[in-house]
1. Among K241/K327; K133/K315; K141/K320; K133/K282; K141/K172; K248/K280, which pairs are too far apart, with a Cα-Cα distance over 25 Å?
2. In debye, nearest 20, what is the charge dipole magnitude of segment 54-141 about its Cα centre with +1 on Lys and Arg Cβ and -1 on Asp and Glu Cβ, if you could check?
3. Quick check for me: using +1 on Lys/Arg Cβ and -1 on Asp/Glu Cβ, what's the dipole size of the chain about its Cα centre, in debye to the nearest 20?
4. Report the one residue of T249, V318, T274 whose Cα lies farthest in the direction of the positive end of the charge dipole of segment 235-337 (charges on C-beta: Lys and Arg +1, Asp and Glu -1; origin at the Cα centre).
5. How much FRET efficiency would the formula 1/(1 + (r/R0)^6) give for N111 and E311, where r is the Cβ-Cβ distance and R0 is 22 Å, rounded to 0.05?
6. Please give the FRET efficiency for A62 paired with K280, using the beta carbon to beta carbon distance and R0 = 25 Å, rounded to the nearest 0.05.
7. At 0.36 nm per residue, minus the direct Cα-Cα distance, what do Q240 and Y335 gain on full extension? Give it in nm, one decimal, please.
8. If I take R0 = 30 Å and measure r between the Cβ atoms of A269 and R322 in this structure, what FRET efficiency does the formula 1/(1 + (r/R0)^6) give, to the nearest 0.05?
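The values are calculated or read from the model by the stated rules, or taken from the named source; none is laboratory data. All of these numbers come straight from a predicted model, not from anything done at the bench. Here the Cβ positions follow ideal geometry from the backbone for every residue, glycine too, while neighbour counts run over all protein chains shown. Calculation scope for accessible area: heavy atoms of the full protein, side chains included, ligands and nucleic acids excluded. Shrake-Rupley method; radii C 1.70, N 1.55, O 1.52, S 1.80 Å.
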Amino acid sequence: MTLSLVSLRRRAVAGALAGIALLGATAARAEGRIRIAQQFGIAYLVLDVVRDRQLIEKHGKAAGLAIDVDWASISGATGMNEALLANALDVVSAGVPPMLTLWDRTRGRQNVKAVAALGSLPNYLLTNNPGVKTLKDLGPKDRIAVPAAGVGFQSRTLQIEAARQFGAADFKRFDNLSVSLPHPDATAALIAGGSEITAHFSSAPFYYQALDAGKGVHKILSSYDILGGPATFNVLYTTQKFHDENPKTYRAFYGALAEAAQWIRDHKAQAAETFVRVQKSKLPPEFVRRIVEDPENDFTIAPHRTAVYAEELHKLGVLKNRAASWKDYFFDEAYPLGGS
């Protein structure tokens, strides 16, 4: 499983890097072009709407600038981060912890920061083990499926809770039980039972599917429980260079994100249809609409509780630099909306 994921990431990054030659990238970017990468799933609905409604182009035109937009799909934060630092992409998307890791490691160099949140959506830690009701019930025979064991959003969230419940010295307690597995495969394994996978830290729409299956799958906890309430799942981020050298393009991009978020709030049924069409999803539109309309899911670009990650991961030594506030790792265009 791990080898296949590594192979996929390598191919994704290689493809993105090859794109530099095909697209004629140069050391100095010019206004009027942006290369964006997103991952898969309902958590990227804001980007689906931006793409489908050509909102970047719209906002660029209003500012007197024609903007060429290149869209790419890369699965996993590792491939995203490598492509961004290689100048194969201008803006990438991933969970809050991977973004903070890159912010931490590039301070004083590329100075990577977040552009905007992509929504506050929970992740659920699920299990098919009837004997497991809390984290303390997980034993050595349990295996927790996560997309990126030890380093991804789900693992970092578990590490924060493990430090809280078992002490900072034991914050990697659940890393030894974690297995890297894509959400679709983990969901299928959890529902089917009979495999080593007895738990899955799952995002939408997968936890909806697992809980709906009626196979004894139940929730242990939510990421909202760990973070103290609604919290940002994924963010967009870029380098200081792209931000500073392309002010009109950047403002058009940010304006497009803001318009998309508002449009989703005002047109939830249409937003669900947009997701199905853009991502070529086989999910029924009414099922997607249920997710979009769930009050737990807020497709806002304002950051919520990202500072919990920044503070707790700094305490655990994952981040060397301590952020004074969320504004330290977001570009200032995001400030007027407020955040945390």
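1. Where the Cα-Cα span goes over 25 Å, the pairs concerned are K133/K315; K141/K320; K133/K282; K248/K280.
2. Details: 9 positive and 7 negative charges, 86 e Å.
That gives a dipole near 420 debye.
3. 520
4. Selected residue: V318.
5. With R0 = 22 Å, the Cβ-Cβ based efficiency is 0.60.
6. Result of the calculation: an efficiency of 0.25.
7. Values: separation 95, 0.36 × 95 = 34.20 nm, distance 1.62 nm.
So the chain would gain 32.6 nm between Q240 and Y335.
8. Values: r = 44 Å, r/R0 = 1.45.
After rounding to 0.05, the efficiency reads 0.10.
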